[in-house]
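Here's the structure, in structure tokens; my notes come after.
The values are calculated or read from the model by the stated rules, or taken from the named source; none is laboratory data. Note that this is a predicted model, so its numbers are computed, not measured. Heads up, the Cβs are rebuilt from the backbone with ideal geometry, glycines too, and the neighbour counts pull from every protein chain shown.
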Amino acid sequence: MVSKPLGLQAAALMKNDLVNQPYDVVVIGAGLGGLLSAAHCLQRGMRVAVLERLAHCGGRFTAKTFQGAQVSTGAVHMLPFGSNGVLAGMLRRLAVPHYVHDAEVFASFFVHGRQYVCRSLLGVAAFLGARQFTRFLMLGPALLARRLPASERDLPFPAWLEKHHVTPDRSPELYAFFERISHFALSVPLEQMSAREVAETTKNMFRYGPPGVVEGGCAAVTGELERRLREQGVDLRLRHDVLRILTSDGEVTGIRVRDKATGVECVLQTPLVISNIGPNATMRLIAGAAGDQSTDVSSTFATFSDSGASRSPLREAVGLKTHVLSERSLIPHKGIMYCLDTERIAGIVQPSNCDARLAPPGKHLLITHQVMRSDDVEQERALAVADLRRIIGPAFERDCRILTMSQYRGEWPVNRAQQGGDFAPEIGVRGLYLVGDAIKPSGYLMVEGVAQSVNQMLDLLDQFDQRTAPQKVGQGQTVPVGNGKPMCVSHVPPKPRAARALYWLFAPPPPAKQERLQTPGKMP
Ligand SMILES: Cc1cc2nc3c(=O)[nH]c(=O)nc-3n(C[C@H](O)[C@H](O)[C@H](O)COP(=O)(O)OP(=O)(O)OC[C@H]3O[C@@H](n4cnc5c(N)ncnc54)[C@H](O)[C@@H]3O)c2cc1C
């Protein structure tokens with residue numbers, strides 16, 4: 001792809017501006033979404049620049065070594081759909097070395113003072129008891145086997161459960177089962193989830209497979225992506241703050257960036273910008289674009305929801321995460337332990353079960369997660385500690401050490417848009433596309449949604465290259481690209497067969513075939 005001559009608005013450039021060589025594409029933000037986008041653009045033979053305001057790549061999907069443990073900047077080192085998921089598939093396609101340790105269980109559940117390990121879905125009978133388990137079995141077909149009736153789709157999930165005779169009073173453990181999965185896996189209160197989104201997400205969880213911890217932790221993935229981008233000549237600049245997206249006649253023409261070390265500002269010319277910083281921050285960068293009146297972005301936000309209703313302003317997913325080092329193992333498997341009768345902690349993982357190097361020798365790394373249910377951070381923290389005491393017992397004081405306890409909201413949330421409240425990848429400026437965790441298609445959570453947003457962006461890039469009007473693209477469908485022009489295949493891969501979900505009656509679906517392309521998981 002060749003850059004066209006750019007008619008930068010005079011007003012966008014100031015006297016003495018440094019104007020660099022034009023790029024085919026500039027990526028704003030070196031989070032997972034930005035790095036994956038840059039890797040794909042590189043594969044397409046484009047000249048790529050990536051600009052990151054922090055001193056490191058990876059955003060909320062990397063880690064720092066702290067007291068010998070891999071303390072993550074966000075993610076708990078897990079890929080929600082494991083080795084079969086969209087992100088793992090994308091890494092394989094990009095030939096990025098990685099290895100995912102899939103959970104060998106459905107999950108375990110801490111309730112009534114003990115932990116129930118459930119290898120299959122039917123294992124939940126052990127803590128639900130006969131009456132609630134029967135109700136659970138009846139919910140399955142209603143939620144998963146068919147499309148929800150129109151009257152039920154937009155119900156808040158607790159209202160849908162009540163319609164199906166499940167309330168916290170009548171079925172406490174069954175209600176908590178749904179609530180705590182929503183809190184841990186999505187960081188969203190159950191009452192803010194629609195029945196439709198719960199159905200889509202659950203169907204995908206069952207079809208794709210169990211979650212998995214990536215060897216070396218999340219830093220191994222983003223570290224490897226960064227290494228390859230640099231090796232292959234991408235202009236990747238850290239400590240560079242993008243100040244403006246420049247537009248003319250409703251089209252992108254470049255960006256203005258400041259080198260935080262020197263304070264020097266310059267303009268990078270490009271017809272294409274991929275923004276990894278979320279819709280709000282992107283809006284702010286264009287809102288100030290000097291005088292381009294033809295760019296009306298405010299009316300063009302749209303969600304993936306069938307109704308197409310605009311959902312601005314966006315609602316972020318907020319949470320509190322704790323890293324704990326323990327002398328003793330708490331979780332005897334590679335998956336998630338959901339906590340059903342705690343005050344706040346919704347679930348705990350022990351990623352050092354998958355890669356012992358995530359913790360100092362002989363120790364275990366535990367990561368807890370909970371939804372922030374109030375703005376009182378001190379109270380949220382105190383409740384988390386009380387929960388840890390309840391779960392671990394007297395051994396907590398003796399064997400455990402809290403490494404970090406951090407809230408995630410504002411500029412650094414769990415997700416920039418809550419699951420089901422996501423935004424479309426275009427905001428009405430030609431040549432500007434959004435990727436990241438506010439652009440997750442329905443049913444794709446966390447980094448699976450980030451990877452899927454990149455696939456969605458690649459479809460739009462094909463259309464951009466073909467110079468045709470953007471069109472909505474479905475799963476694995478072909479993309480019509482204009483009169484008489486060739487059809488290109490959607491980058492959004494088809495879902496695994498629905499029948500794979502049947503595995504869960506006995507054990508998790510099998511892991512994907514993985515090759516260790518190089519020594520994976522080199523510690524950062
Ligand atoms: C506590 C917690 C636990 C989580 N657990 C998991 C998990 O286990 N599994 C999972 O799949 N997901 C998990 N997530 C979610 C996951 O971490 C995020 O969805 C994902 O990392 C988001 O990636 P991104 O690329 O969209 O955004 P980001 O990682 O936020 O990347 C955006 C980048 O843009 C940069 N930037 C912003 N503005 C500018 C600017 N003006 N100029 C230049 N650069 C800019 C930022 O510094 C940042 O590096 C968790 C998140 C949190 C917070």
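General remarks:
- Cβ-Cβ contacts under 7 Å between residues 6 or more apart (or on different chains), taken from a first residue in the stretch 447-466 that is more than 26 Å from Leu79 (Cα to Cα) to a second residue that is of a type outside the set (A, V, I, L, M, F, W, C), are listed as Gln463/Pro470; Gln463/Gln471; Phe464/Gly431; Gln466/Gly482; Gln466/Lys485.
- Only a single criterion out of (1) within 20 Å of Gln67 (Cβ to Cβ); (2) in contact with a strand residue (DSSP E or B) (Cβ under 9 Å, 6 or more places away or on another chain); (3) surrounded by fewer than 21 Cβ atoms within 10 Å (Cβ to Cβ) is not satisfied by Arg398, namely (2).
- Strands (runs of 3 or more DSSP E) completely within the stretch 312-386 that count 1 or more residues being in contact with a helix residue (DSSP H, G or I) (Cβ under 6 Å, 6 or more places away or on another chain) and surrounded by fewer than 24 Cβ atoms within 10 Å (Cβ to Cβ): 319-326, 364-371
- Test for Ala75: is it within 14 Å of the ligand (Cβ to nearest atom), hydrophobic (A, V, I, L, M, F, W, C) and assigned to a loop (DSSP other than H, G, I, E, B): yes
- In the set (1) farther than 17 Å from Pro509 by Cβ; (2) more than 26 Å from the chain's Cα centre (by Cα), the condition left unmet by Gly123 is number (1).
- The residue list Val188, Val198, Val267 contains one member that is in a loop (DSSP other than H, G, I, E, B) and more than 10 Å from the ligand (Cβ to nearest atom), which is Val188.
- Flag if Leu91 is modelled with pLDDT of 95 or more and near the ligand (Cβ under 9 Å from one of its atoms): no
- Candidate set from the stretch 140-154 (those that are closer than 20 Å to Arg180 by Cβ and surrounded by fewer than 18 Cβ atoms within 10 Å (Cβ to Cβ)); member that is modelled with the lowest pLDDT: Leu144
- Test: residue in the stretch 157-177 that is crowded, with 21+ Cβ neighbours inside 10 Å, in contact (Cβ under 8 Å) with a residue 60 or more places away in the chain and of a type outside the set (Phe, Trp, Tyr): yes
- Looking only at the stretch 24-38, residues that are crowded, with 24+ Cβ neighbours inside 10 Å and more than 7 Å from the ligand (Cβ to nearest atom) come to 7 in all.
- Scanning the stretch 270-289 for residues that are within 13 Å of the ligand (Cβ to nearest atom), assigned to a loop (DSSP other than H, G, I, E, B) and among the polar types (S, T, N, Q) gives a single hit, Asn276.
- Test: residue in the stretch 15-23 that is among the hydrophobic types (A, V, I, L, M, F, W, C) and either at pLDDT 95 or above or assigned to a loop (DSSP other than H, G, I, E, B) (or both): no
- Selection count, the stretch 230-245, where residues are out of contact with any Phe, Trp or Tyr (no Cβ under 9 Å at 6 or more places or on another chain) and within 14 Å of the ligand (Cβ to nearest atom): 10
- If you go through the stretch 410-421 and keep only what is surrounded by fewer than 19 Cβ atoms within 10 Å (Cβ to Cβ) and at pLDDT 95 or above, you end up with just Trp412.
- Here Ser182 does not fit the description of being among the small types (Gly, Ala, Ser), within 12 Å of the ligand (Cβ to nearest atom), under 25 Å from the mean Cα position of the chain (by Cα) and not assigned by TED's automatic domain parsing to the domain that holds Val100.
- Tally, over the stretch 50-72, of residues that are surrounded by fewer than 24 Cβ atoms within 10 Å (Cβ to Cβ) and more than 6 Å from the ligand (Cβ to nearest atom): 8
- Residue selected from the stretch 110-152 under the condition touching a residue at least 60 places away in the same chain (Cβ under 8 Å) and part of a helix (DSSP H, G or I), by the criterion farthest from Glu191 (Cα to Cα): Leu122
- Of Leu128, Leu87, all but one fail to be in the same structural domain as Ala195 (by TED's automatic domain parsing) and buried (at least 17 other Cβ atoms within 10 Å of the Cβ); the exception is Leu128.
- Selected residue (criterion: nearest to the ligand (Cβ to nearest atom)) from residues of the stretch 413-458 that are over 13 Å from Asn276 (Cβ atoms) and of a type in the set (Ser, Thr, Tyr): Tyr444
- Scanning the stretch 413-430 for residues that are more than 13 Å from the chain's Cα centre (by Cα) and either over 27 Å from Gln466 (Cα atoms) or outside any loop (DSSP other than H, G, I, E, B) (or both) returns Gly421, Glu426, Arg430.
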